[in-house]
1. For residues in segment 32-56 being within 28 Å of residue 143 (Cβ to Cβ) and at pLDDT 90 or above, which is surrounded by the fewest Cβ atoms within 10 Å (Cβ to Cβ)?
2. Give just the number: which of (1) modelled with pLDDT under 90; (2) closer than 25 Å to residue 35 by Cα does residue 96 not satisfy?
3. Under the condition of being surrounded by fewer than 20 Cβ atoms within 10 Å (Cβ to Cβ), in contact (Cβ under 8 Å) with a residue 60 or more places away in the chain and assigned to a helix (DSSP H, G or I), which residue from segment 1-29 is farthest from the chain's Cα centre (by Cα)?
């Protein structure tokens, strides 16, 4: 089964996916792939590698969804509505919208030592995400406020 955690940066999507995973499951997360491919800490990869990272992500998804590899669960982590909808339409994935306020996302990023040096940049990214994205009626909404 493919499950997509979709939501804004700082929503806790990766944390939720890692908590839900069972032995033998696979997580497909562009941030984790960036780190693995570039050899740099999370959020520090060379943006010139983005095309490669997305190609690897899509390869992992297509091979896993096609049953080439026998995983019990595939967990996709994304902030991209387009990817979430593609997973729903092509693979009948379950899309879980991680519902967190814009303020909470910015607070979490500010507390994250991997991202807080560029907090102004992240504030802009988060703000733009909230302007452009809302849950769809068919999404399963998961509340993830913690403060």
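The values are calculated or read from the model by the stated rules, or taken from the named source; none is laboratory data. Given the structure is predicted, the values throughout are model-derived calculations rather than measurements. When we count neighbours, we look across all protein chains shown, and the Cβ atoms used for this are built from the backbone with ideal geometry, even at glycine.
1. 32
2. All conditions are met except number (1).
3. Ranking the candidates gives 16 first.
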